[in-house]
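Heads up, the thing below is written out as structure tokens.
The values are calculated or read from the model by the stated rules, or taken from the named source; none is laboratory data. Predicted model, so just to flag it, every value in this text is computed and none were measured. Please note: Cβ atoms are built from the backbone with ideal geometry, for glycine as well, and neighbour counts cover all protein chains shown.
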Amino acid sequence: MRVAVGVSGGADSVALLRVLHETAPAIGLVLSVAHVNHGMRGADAEADAQFVRELAERLGLAFHLHRVDTPAAARAGKQSIEEAARVLRYGWFRGLLAEGLTDAVATAHTLDDQAETVLHRLLRGAWTEGMGGIHPVILCERGTILRPFLNVRRVEIETWLQQIGQTWREDATNAETTFTRNRIRHDLLPHLAGFNPRVAEQLAHMAEIARDEEAWWEAELARILPSLVLPGKPVRGGGRAVSTHPDAAGVGMELERLRGLAPAMRRRALRAAAQQLGCALNFEQTERLMAMCAAGVQAAGAKKQQLAAELRAERTARELRLEITPSSKLDEDPEGASFALPIPGEVTGLEVTLRTSLRVAHAVGTMPAAILRTPRAGDRVKIRHSRGAKPLKEIFERLGVETDARKAWPVVEWQGRIVWMRGVPVEADDMPFAVNLAESAESLPATCV
């Protein structure tokens, strides 16, 4: 088996290379070394590449070097530096596999990396599939990505390298706490270890359990989805009609069948239906759909909801429907004016009672558009330092807003949640972008979120 070992020059990857090199003759491996220069650390990055090259030569292994411009890729893809670097790195690894230059790529993720990943995703609100963390084996279209060190602690690796007299390179950026991942590594995990010294192992165990359970759920979803999630809308006389608009799509699910599912399966089915339309639902959006599925007196009052910039939900007597509406049609919303707002981006000259200039900035990665709109029935918003979301009617009463003025009061919605409302301190500290709004085209934007 031909295995390209991803080696950055750090302790983990150097140890992986040395271990595989020692065991290669016994288990039949043909090794090579793959190194990515991410174009971010100047002379230090060049020194890392030279260190890895010399190590490969000393071991008698082929050396592959790939240079990328990570900052430029991050700007072009509207991604964080960390995300852009990962995408570029794995894109190259998959390219090596696709070209038949190697049968597998081995990376040196450790148990500590697994714990950091699970905790990071937990903090970001991941679903259970995200809690599976780093997978030990990834099957690609051609070849495999392997993580042999996922059960090994970083301290064990460094101790072993010292014992055999093998040096490694230290990346100074790993100590910078400006990156969330580094703050988790240097601040949060050590603090949690004060409660449980084996917290890293426990997080890794949870990831393994989550992966196994997710595999079971995926099999169950694959079994029920084909007959549950149907394209288009039902038509009189039988059959279903599908929109011919290139940007429109929709699916329907029979309410009685949804109600017959256990809540855990129903929640997954709703999310899977949205994924078929290219939309990823967050927890609040999913719960709004769960409420629309409820029977009898528990059924939600709203029969139509705008879940995201272009995703709408509608409940009929028999079905719950999800529909993608082209952004050009958003301002035709019968429930009031609404405008799609790209993130990041700027829209000026809109009229929602006032002439406004709205800027959505400081985005991390590519995200669905937000919506600048007027209030709708069933809207709720969470005010800072309050326990839960409040109906807009209650908010307006607190503000003393006249009934006629409420109909055109501007709010900004993102992913089914109101993240900005004029004159209201909305709880939005966890949002990955900021909203600035000016009440006239000439005035300077005042940061509201």
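Checking the conditions here, which among 55, 65 is part of a helix (DSSP H, G or I) and in contact with a strand residue (DSSP E or B) (Cβ under 9 Å, 6 or more places away or on another chain)?
Among 55, 65, only 55 is part of a helix (DSSP H, G or I) and in contact with a strand residue (DSSP E or B) (Cβ under 9 Å, 6 or more places away or on another chain).
Given the options 126, 108, 74, name the one that is among the aliphatic types (A, V, I, L, M) and in contact (Cβ under 8 Å) with a residue 12 or more places away in the chain.
Going through 126, 108, 74 in turn, the sole match is 108.
Against the definition (closer than 19 Å to residue 171 by Cβ and either at pLDDT below 95 or not in a helix (DSSP H, G or I) (or both)), how does residue 76 come out, yes or no?
Considered against the rule, which asks whether it is closer than 19 Å to residue 171 by Cβ and either at pLDDT below 95 or not in a helix (DSSP H, G or I) (or both), residue 76 comes out as no.
Could you list all residues from the range 375-408 that are part of a loop (DSSP other than H, G, I, E, B), touching a residue at least 24 places away in the same chain (Cβ under 8 Å) and among the hydrophobic types (A, V, I, L, M, F, W, C)?
Within the range 375-408, 377, 408 qualify.
Check the range 176-191 and report whether any residue there is in contact with a Phe, Trp or Tyr (Cβ under 8 Å, 6 or more places away or on another chain) and either within 29 Å of residue 94 (Cβ to Cβ) or among the β-branched types (Val, Ile, Thr) (or both). Even if it seems obvious, please write down each step before you answer.
If we filter the range 176-191 for residues that are in contact with a Phe, Trp or Tyr (Cβ under 8 Å, 6 or more places away or on another chain), which is where we start, we get none.
Checking the range 176-191: not a single residue is in contact with a Phe, Trp or Tyr (Cβ under 8 Å, 6 or more places away or on another chain) and either within 29 Å of residue 94 (Cβ to Cβ) or among the β-branched types (Val, Ile, Thr) (or both).
Which numbered condition trips up residue 308, out of (1) at pLDDT 50 or above; (2) small (Gly, Ala, Ser); (3) over 23 Å from the mean Cα position of the chain (by Cα)?
So residue 308 meets the others, but not (3).
In the set 387, 406, 355, which member is at pLDDT 80 or above and farther than 25 Å from residue 83 by Cβ?
406
Which one of the conditions (1) under 23 Å from the mean Cα position of the chain (by Cα); (2) surrounded by fewer than 20 Cβ atoms within 10 Å (Cβ to Cβ); (3) of a type in the set (A, V, I, L, M); (4) modelled with pLDDT of 95 or more does residue 111 fail to meet, given that it meets all the rest?
So residue 111 meets the others, but not (2).
Specify the residue that is farthest from residue 97 (Cα to Cα); the eligible residues are those in the range 1-23 that are part of a loop (DSSP other than H, G, I, E, B) and among the hydrophobic types (A, V, I, L, M, F, W, C).
7
Quick test for you: out of 317, 300, 280, pick the one residue that is modelled with pLDDT under 90, over 24 Å from residue 382 (Cα atoms) and part of a loop (DSSP other than H, G, I, E, B).
On the way: 300 fails: over 24 Å from residue 382 (Cα atoms); 280 fails: over 24 Å from residue 382 (Cα atoms).
Only one candidate qualifies: 317.
When the residues of the range 139-179 are narrowed to those that are aliphatic (A, V, I, L, M) and modelled with pLDDT under 95, which ends up surrounded by the most Cβ atoms within 10 Å (Cβ to Cβ)?
Result: 175.
Residue 170 - would you say it is in contact (Cβ under 8 Å) with a residue 60 or more places away in the chain, outside any helix (DSSP H, G or I), of a type outside the set (S, T, N, Q) and in the same structural domain as residue 206 (by TED's automatic domain parsing)?
Numbers: in contact (Cβ under 8 Å) with a residue 60 or more places away in the chain: yes; outside any helix (DSSP H, G or I): yes; of a type outside the set (S, T, N, Q): yes; in the same structural domain as residue 206 (by TED's automatic domain parsing): yes.
Yes: the conditions hold for residue 170.
Check off (1) charged (D, E, K, R); (2) in a loop (DSSP other than H, G, I, E, B); (3) exposed (fewer than 15 other Cβ atoms within 10 Å of the Cβ) for residue 212 and give me the number that stays unchecked.
Against the list (1) charged (D, E, K, R); (2) in a loop (DSSP other than H, G, I, E, B); (3) exposed (fewer than 15 other Cβ atoms within 10 Å of the Cβ), residue 212 comes up short only on (2).
When the residues of the range 363-384 are filtered to those that are surrounded by 13 or more Cβ atoms within 10 Å (Cβ to Cβ) and within 30 Å of residue 71 (Cβ to Cβ), which remaining residue is modelled with the highest pLDDT?
The extreme case among them is 370.
For the range 60-79, which residues satisfy the criterion of being out of contact with any Ser or Thr (no Cβ under 7 Å at 6 or more places or on another chain), of a type outside the set (Lys, Arg) and surrounded by fewer than 16 Cβ atoms within 10 Å (Cβ to Cβ)?
Within the range 60-79, 60, 65, 69, 71, 72, 76 qualify.
Which of the residues that make up the range 24-39 are of a type in the set (Val, Ile, Thr), surrounded by 12 or more Cβ atoms within 10 Å (Cβ to Cβ) and not in a strand (DSSP E or B)? Give the steps one after another, and end with the answer.
Initial filter on the range 24-39 (of a type in the set (Val, Ile, Thr)): 27, 30, 33, 36.
Filter once more, so that each one left must be surrounded by 12 or more Cβ atoms within 10 Å (Cβ to Cβ): 30, 33, 36.
Selection gives nothing.
For every residue, the table says whether it meets (1) in contact with a helix residue (DSSP H, G or I) (Cβ under 6 Å, 6 or more places away or on another chain); (2) modelled with pLDDT of 60 or more; (3) within 27 Å of residue 279 (Cβ to Cβ).
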position	(1), (2), (3)
399	no, yes, no
414	no, yes, yes
426	no, yes, yes
435	no, yes, yes
449	no, no, yes
